[in-house]
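A.B. asks: Could you have a look at this structure, given as structure tokens, before my questions?
The values are calculated or read from the model by the stated rules, or taken from the named source; none is laboratory data. On a predicted model such as this, the values are computed, not experimentally measured, just so you know. Ideal geometry is used to build each Cβ from the backbone, glycine not excepted, and the neighbour counts take in all protein chains shown.
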Amino acid sequence: MSGLHSDLPVEIVELEDEAATAALARWLAGFARAGDFLALTGELGAGKTALARVFLREAAGDPELETPSPTFTLVQMYEGRETPLVHADFYRLSGPEDLRQIGFDEMTEGAVTLVEWGERASAALPAERLDITLVFDSARGPDHRLAEFRPRGLIMTNRFKAARAVEALLEDAGWAEGKRVQMYGDASSRAYERLTDPLGRTAILMIAPPRPPGPSLRFGKSYAEIARLSNDIRAFLAMDEGLRALGYSAPRVYAHSVADGLALIEDFGTETIVDSNGVNPSRYAEAAALLADLHMRPLPDLIMFEGEPYVLPPYDIDAMLIEVELALDWYAPAIARGAPSSGARMQFLNLWREILSPVLAEPPTWTLRDYHSPNIHWLAERNGLARLGLIDFQDAVMGPPAYDLASLLQDARQNVPDDVEARLVALYARRRAQADPGFDLETFVSHYAVMGAQRATKILGLFTRLDRRDGKPQYLKLLPRIEETLARNLAHPTLEPLQRWFETYMPHALGEPEA
């Protein structure tokens, strides 16, 4: 075996025949991304050329592509479906100097590169790459091979492990033949794919790798820990089971792996409570009714999942404050022309602490936290509240009932008409009052304004951070709606001191010109 692969962790895939080798090549073509480097080794006749040919044709989207061996030319280049392709053969290479003379580094920049006999210039290979060795296994048959995979570098190792974990999950679930199409992601690091099997059935692959620990901000904790954000997919799976047990339509889970952050779940389709005309008032009314139904139940803070307790964290004062601070850390310096002074910041936090205190003193309930139009599907074929398909609840907490209603009716992505919002707040309150004579409308409306203001303040910072830190500028176009929402909530008498603070230190957030 070549020294190119010594002492690296290995994954071995058995290739029983040429069809298995071709299937592996197609998988590699789907796995490869711009900038990837694949080093293919093996004895003469091990099948390198056959694998390379299928790989190139698949990556180019041309099953008839001519792929002459680059043994004498050293390098062949092709146009791929998404990125340039470079096929190189180092068999006749005299040394790395040959590569420098032909400008090999420039050729491969931004391309997918597949190199045969890479061990002949191992010092010139990139640190981040995937080494693949084809080995004869003649004892198992004349066409039997072993493919030994050795990812090198942290990025390639993590990507390869994740990709193989997905393959294993789909194989075990009977979805290995499903066609995978990437879906538009959300504001988080999660990714989603829609799978369609040969029978036309669909499912959603949720890819939510465990959250890496972030930098410590205070109390020895990261932002995610303080804000009570879930650190792995177990939170989603437990909440899914809890919601389904109450009769709500959360996705069925067909297969999952907590360690790998994967779940294959029911596909609710593309129809939500928003239709082609925008906000659908009757569907929004059903969504408000579901919250009233949920909040009338005595809900525990513990859900048993696979024999282990999952405890919903409290949406406490520390979580609420760290969220509103996002506006000071990101929105103010980037959008509102300067972060407030340390004294103004302290006043800001003290005001929030006083205003939030009575809200957080109320008995908490399950707060799904992302209860708004993109995450509430419309399942017309079902009955009653089951017509609402719920997703994206992995960050659920024990929190104020008013929070999710404000999330729904003060939608960051949709203009909910004022009359619709008022009517549905009244509908929610009426349902709550019918079940609980002690329900106080005036108090709830005050809490609703506070939660709406807290959420809007947080989102101003969050959406700015998505632009400045994560390169997602599309969220900036939503800021005017959030600013308008904040101004409306701050007009409630409960929030008057905070309104004055914004008028003094951050008038831009209220739609007012800077002084």
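A.B. asks: Report, by residue number, each residue of the stretch 204-231 that is part of a loop (DSSP other than H, G, I, E, B), within 22 Å of Y310 (Cα to Cα) and of a type in the set (A, V, I, L, M).
C.D. replies: A208, A227, L229
A.B. asks: Of all residues in the stretch 437-472, how many are of a type outside the set (D, E), closer than 22 Å to A224 by Cα and part of a helix (DSSP H, G or I)? If you could, list the steps in order and put the result at the bottom.
C.D. replies: Of all residues in the stretch 437-472, those of a type outside the set (D, E) come to 437-439, 441, 443-466, 468-469, 471-472.
Keeping just the survivors that are closer than 22 Å to A224 by Cα gives 451-466, 468-469, 471-472.
If we keep only those that are part of a helix (DSSP H, G or I) too, we end up with 451-466, 468.
So the count comes out to 17.
A.B. asks: Something else about it: Within the set of pairs 6 or more residues apart or between chains, which connect a residue that is assigned to a strand (DSSP E or B) inside the stretch 351-370 to a residue that is buried (at least 18 other Cβ atoms within 10 Å of the Cβ) and of a type in the set (G, A, S) with Cβ atoms less than 8 Å apart?
C.D. replies: T365/G399; W366/G242; W366/A396; T367/A396; T367/G399
A.B. asks: Still on this model: Quick test for you: out of Y331, Y310, Y284, pick the one residue that is of a type in the set (F, W, Y) and within 30 Å of E381 (Cβ to Cβ). Please lay out each step first, then the result.
C.D. replies: Numbers: Y331 fails: within 30 Å of E381 (Cβ to Cβ); Y310 fails: within 30 Å of E381 (Cβ to Cβ).
After applying the criteria, what remains is Y284.
A.B. asks: Within the stretch 327-341, is there a residue that is out of contact with any Phe, Trp or Tyr (no Cβ under 7 Å at 6 or more places or on another chain), among the basic types (K, R) and not in a helix (DSSP H, G or I)?
C.D. replies: yes
A.B. asks: Here is a follow-up. Based on this model, can you work out whether R129 counts as out of contact with any Asp or Glu (no Cβ under 9 Å at 6 or more places or on another chain) and crowded, with 16+ Cβ neighbours inside 10 Å? Break it down stepwise before answering.
C.D. replies: On the way: out of contact with any Asp or Glu (no Cβ under 9 Å at 6 or more places or on another chain): no; crowded, with 16+ Cβ neighbours inside 10 Å: yes.
Against the criterion (out of contact with any Asp or Glu (no Cβ under 9 Å at 6 or more places or on another chain) and crowded, with 16+ Cβ neighbours inside 10 Å), R129 does not qualify.
A.B. asks: Suppose the filter is closer than 29 Å to V279 by Cα and of a type in the set (D, E); does D370 pass it? Lay out the reasoning, then the answer.
C.D. replies: Details: closer than 29 Å to V279 by Cα: yes; of a type in the set (D, E): yes.
Judged against the criteria, D370 is a match.
Here is a yes/no grid of residues against (1) under 14 Å from A453 (Cβ atoms); (2) surrounded by 17 or more Cβ atoms within 10 Å (Cβ to Cβ):
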residue: Q474; (1), (2): no, no
residue: K477; (1), (2): no, no
residue: L486; (1), (2): yes, yes
residue: L490; (1), (2): yes, yes
residue: E496; (1), (2): yes, no
residue: Q499; (1), (2): yes, yes
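A.B. asks: Further, regarding this structure: Of the conditions (1) under 28 Å from N383 (Cβ atoms); (2) surrounded by fewer than 19 Cβ atoms within 10 Å (Cβ to Cβ), S257 satisfies every one except a single condition; which number is it?
C.D. replies: With respect to (1) under 28 Å from N383 (Cβ atoms); (2) surrounded by fewer than 19 Cβ atoms within 10 Å (Cβ to Cβ), S257 is out only on (1).
A.B. asks: Separate question: Kindly indicate the residue of the stretch 132-161 that is buried (at least 17 other Cβ atoms within 10 Å of the Cβ), under 20 Å from the mean Cα position of the chain (by Cα) and not aromatic (F, W, Y) and also farthest from T196 (Cα to Cα) among those meeting that condition.
C.D. replies: M156
A.B. asks: Checking the conditions here, which among S249, S282 is surrounded by 15 or more Cβ atoms within 10 Å (Cβ to Cβ), at pLDDT 95 or above and under 22 Å from R413 (Cβ atoms)? Give the steps one after another, and end with the answer.
C.D. replies: Details: S282 fails: surrounded by 15 or more Cβ atoms within 10 Å (Cβ to Cβ).
Answer to the selection: S249.
A.B. asks: Could you go through the stretch 108-118 and let me know if any residue there is assigned to a loop (DSSP other than H, G, I, E, B), touching a residue at least 24 places away in the same chain (Cβ under 8 Å), in contact with a helix residue (DSSP H, G or I) (Cβ under 7 Å, 6 or more places away or on another chain) and surrounded by fewer than 17 Cβ atoms within 10 Å (Cβ to Cβ).
C.D. replies: no
A.B. asks: Taking the options L326, L291, L351, name whichever one is in contact with a Pro (Cβ under 9 Å, 6 or more places away or on another chain) and within 26 Å of Y475 (Cβ to Cβ). Steps first, answer last, please.
C.D. replies: Values: L326 fails: in contact with a Pro (Cβ under 9 Å, 6 or more places away or on another chain); L351 fails: within 26 Å of Y475 (Cβ to Cβ).
Answer to the selection: L291.
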